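The values are calculated or read from the model by the stated rules, or taken from the named source; none is laboratory data. Note that the structure is a prediction, hence the values are computed from the model and not measured. Reconstructed Cβ throughout: ideal geometry from the backbone, glycine too, with neighbour counts over all protein chains shown.
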Amino acid sequence: MKTTTTLAAMLLTTILVAPLAKAETDVDVDPMASAGHWRGIDGQALPFATHGQVLEFLRTAEVVDSVEIKGSLNRPLKLTLEKDGVRAHAIFRTVNVERDEMRHVREHARGFRDSYVFEVAAYELSRLLDLDNVPPAVLRKIGREKGSVQLWVEQAMGVQERMEQGIDPRHEKLWLFQKQNMVVFDNLIYNFDRNPGNILIDASGKVWFVDHTRSFKKLPVLSNRAQMKVLERRFWNRLCDLDAEAVREQLDPYLDGRQIEALLARQRKIVKTIKRRIAEYGEQAILFEFVSTPA
């Protein structure tokens with residue numbers, strides 16, 4: 001299978017200043033191969049065949065241990081969950097802060113809300129888009145605290161930690177393409193807080209998008225339009241076909257009406273932007289596909 005050497009090289013330089021016409025966009029590694037194969041404490045695949053099964057585990061498993069995650073601003077807990085002999089780690093977030101303005105963040109952070117609820121909203125939206133890079137998450141009350149419980153990504157390292165160890169993901173082809181999906185997803189949910197500390201890469205090279213508590217602002221604008229250069233064809237198709245009523249129904253427990261309508265407005269703007277790029281450069285330069293290498 002041919003790889004996308006031309007496109008990848010361009011991604012390395014300011015993330016695609018301008019795409020090359022007729023660039024090959026098949027990537028011969030499949031980051032979706034781990035879909036449904038979530039890892040337990042020992043690194044082995046958890047015995048869950050569906051998202052429903054892992055969500056039920058997150059909602060009902062007993063908390064047998066909890067440890068505060070050091071260095072995290074909102075003091076989340078790393079939980080050890082157990083049910084029917086299955087053990088797994090999860091992260092429990094309880095942050096729920098709303099302010100008119102935050103002086104230490106950028107201007108568009110006015111109307112700021114930092115909430116655990118958005119972790120579940122981001123996960124549910126990713127499922128509607130068939131984008132399997134957001135770990136499963138549920139709302140749950142533990143003791144007296146309400147929060148989100150999200151499956152821990154085992155055998156993974158944050159981009160910040162990798163770079164501190166001299167492992168630069170910018171030179172890894174699989175990272176380059178998954179990052180482009182992440183840029184589009186962040187524009188969709190208005191996540192202005194993406195940084196190397198909340199991007200994980202697991203042992204297979206799969207990129208996981210985590211920490212969305214500052215997303216879903218009520219602004220119908222794109223936070224980072226300039227970085228949207230290319231994206232996966234499957235993701236593009238689901239984005240174009242995203243049903244507004246399905247979004248309203250799925251996200252109603254987590255977002256208010258203005259947040260949902262702003263999200264739908266951003267979806268329309270993303271589609272318009274990518275269509276314009278396709279018209280200018282051609283589909284093959286803008287849309288890529290993950291293709292498994294034959295055995």
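Before moving on, here are some points about what is shown:
- Scan of region 40-74 for residues that are within 19 Å of Asp211 (Cα to Cα) and either among the aromatic types (Phe, Trp, Tyr) or at pLDDT below 90 (or both), ordered by number: Lys70, Gly71, Ser72, Leu73, Asn74
- Any hit, region 43-50, residues being farther than 21 Å from Gly143 by Cα, of a type outside the set (D, E, K, R) and in a strand (DSSP E or B): yes
- Looking only at residues of region 218-273 that are of a type in the set (Gly, Ala, Ser), touching a helix residue (DSSP H, G or I) at 6+ places or on another chain (Cβ under 7 Å) and part of a helix (DSSP H, G or I), we find that the one that is surrounded by the fewest Cβ atoms within 10 Å (Cβ to Cβ) is Ala246.
- With respect to being at pLDDT 95 or above, touching a helix residue (DSSP H, G or I) at 6+ places or on another chain (Cβ under 8 Å) and basic (Lys, Arg), Arg277 fits the description.
- The residue of region 165-177 that is surrounded by the most Cβ atoms within 10 Å (Cβ to Cβ), among those that are touching a residue at least 40 places away in the same chain (Cβ under 8 Å) and charged (D, E, K, R), is Lys173.
- Residues located in region 193-217, provided they are among the small types (Gly, Ala, Ser) and surrounded by fewer than 19 Cβ atoms within 10 Å (Cβ to Cβ): Gly197, Ala203, Ser204, Gly205
- Odd one out for Gln180, checked against (1) surrounded by fewer than 20 Cβ atoms within 10 Å (Cβ to Cβ); (2) within 15 Å of the chain's Cα centre (by Cα); (3) polar (S, T, N, Q): (1)
- Boolean, Arg113 is at pLDDT below 95, touching a strand residue (DSSP E or B) at 6+ places or on another chain (Cβ under 9 Å), closer than 24 Å to Arg194 by Cβ and surrounded by 13 or more Cβ atoms within 10 Å (Cβ to Cβ): yes
- Selection over region 51-88 of residues that are of a type in the set (Val, Ile, Thr), farther than 17 Å from Ala137 by Cβ and loosely packed, with under 14 Cβ neighbours inside 10 Å gives a count of 2.
- Residues considered: Val134, Val153. Of these, the only one that is under 11 Å from the mean Cα position of the chain (by Cα) and closer than 26 Å to Leu46 by Cα is Val134.
- Listing of strands (runs of 3 or more DSSP E) fully contained in region 54-99 that carry 2 or more residues being closer than 19 Å to Gln155 by Cβ and small (Gly, Ala, Ser): 86-93
- Qualifying residue in region 6-27 (condition: at pLDDT below 90, assigned to a loop (DSSP other than H, G, I, E, B), charged (D, E, K, R) and within 30 Å of Lys229 (Cα to Cα)): yes
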